[in-house]
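The block underneath contains the structure these notes are about, expressed in structure tokens.
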Amino acid sequence: MPILQKLHSYSNTKLILWKIEETEQELIHLLDLPLSEKQKLENRKTPNHRLEFLASRASLCSLGISIKNLHFKENGAPYLDTQKFCSLSHTQNYSAAVVSQKQVGVDVEIYRENILKIAPKFVHKKEMFALSNENQIFLLTRLWTAKESVYKAFGTAGIHFSSQIEVHSFSMSDKKGFAMLTHLGKEYSFTLHFHSIINGQLCMAILNS
């Protein structure tokens, strides 16, 4: 069964996490790709990238959204020609999709030791808790997914993760968190929903009204 989690517990929001076990042809048969999406698929040359591309679309379809309603802004952010917001993410063997009445973002990442090297590029000065114990890879991966999902939900290019997005301290067992994004002198708050997977982390961010 490819669907690992299908969550409808949030107000007007549906989130799905998909484990990619299908072949490319099996995923293609699940989808009715318009010409523009077929062209994008052809531009992805590696098998893994093609699978992740298809699985992200299959995830969205499983939430009742037609691929024909899916479009992308110049910065690559997805949007729907309905009244709903959406976000997509994929990483090794996983894809995720979320649809909501509110501005929303999702990110899924597997654990990688490389995150220790890039931490200074995205950790805020008030987020030293993520560097304070032996669980750094777990905490930094969760922190990264939180910031990436906030960035996607906000939908504005050029946001600096280390200075403009601050995630409130969280523990390994927390299922919910909060973040603040500062832009052009204004502050925007987000509610975070954390989900641990076998070898990684998923976070969904919803902009608070």
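Restricting the stretch 58-133 to GluC sites (Glu not before Pro) that sit in a DSSP loop and have at most 15 other Cβ atoms within 10 Å of their own Cβ leaves E74, E113.
Note on the chain: dipole from Cβ charges, positive end direction compared against H195, S209, P120; the farthest Cα belongs to S209.
Length gained on full extension, N135 to L80: 16.0 nm, using 0.36 nm per residue less the C-alpha separation. For the chain, a simple Cβ point-charge model (Lys and Arg +1, Asp and Glu -1, everything else neutral) yields a dipole of about 340 debye relative to the Cα centre.
Length gained on full extension, S162 to Q39: 40.7 nm, using 0.36 nm per residue less the C-alpha separation. Quickly estimate the mean residue ellipticity at 222 nm for the chain, helices only: each DSSP H run with n ≥ 4 gives -39500 (n - 2.57), and the total goes over all residues, rounded to 500. Computed ellipticity for the chain at 222 nm equals -8000 deg cm²/dmol. In terms of surrounding Cβ atoms within a 10 Å radius of their Cβ, Y94, Y188, Y111, Y151 rank from fewest to most as Y111, Y188, Y151, Y94. Taking other residues whose beta carbon is less than 15 angstrom from the beta carbon of K84, and scoring Lys, Arg as +1 and Asp, Glu as -1, yields +3. The charge dipole of the stretch 3-101, taken about its Cα centre with unit charges on the Cβ atoms of Lys, Arg (+1), Asp and Glu (-1) only, comes to about 200 debye. Evaluating 6.51 cos²θ - 1.76 cosθ + 1.60 at θ = phi - 60° for every residue in the stretch 176-193, the Karplus couplings come out as 9, x, 9, 9, 10, 10, 10, 8, 6, x, 10, 10, 10, 9, 9, 9, 10, 10 Hz, glycine and proline recorded as x. Reported value for the stretch 61-209: 121 Å³ per residue, from the convex hull of its C-alpha atoms.
Relative contact order of the chain, taken over Cα pairs closer than 8 Å and 6 or more residues apart, is 17 percent.
For the stretch 145-152, putting each phi into the Karplus relation 6.51 cos²θ - 1.76 cosθ + 1.60 with θ = phi - 60° gives couplings of 5, 5, 5, 5, 5, 5, 4, 5 Hz, in residue order, rounded to whole numbers and with x for Gly and Pro. Label separation (K125 vs T46): 3.7 nm, computed from points 7 Å beyond Cα along the C-beta direction.
Here the stretch 101-124 is scanned for amide nitrogen atoms under 18 Å from the site 7 Å beyond the Cα of E187 along Cα-to-Cβ, giving 124.
Remark: the stretch 107-207 carries a charge dipole of roughly 140 debye about the Cα centre, counting +1 on each Lys and Arg Cβ and -1 on each Asp and Glu Cβ.
As a quick test, which of the pairs K125/K152; K45/K117; K38/K102; K84/K147; K126/K175; K126/K186 have an alpha carbon distance above 25 angstrom in this structure? Pairs exceeding the cut-off: K45/K117; K38/K102.
Rule-based calculations on the coordinates, nothing more; no lab input. What you are looking at is a predicted structure, and each value in this text was computed from that prediction instead of being measured. Here the Cβ is made from the backbone with ideal geometry for all residues, glycine too, and neighbour counts use every protein chain on show.
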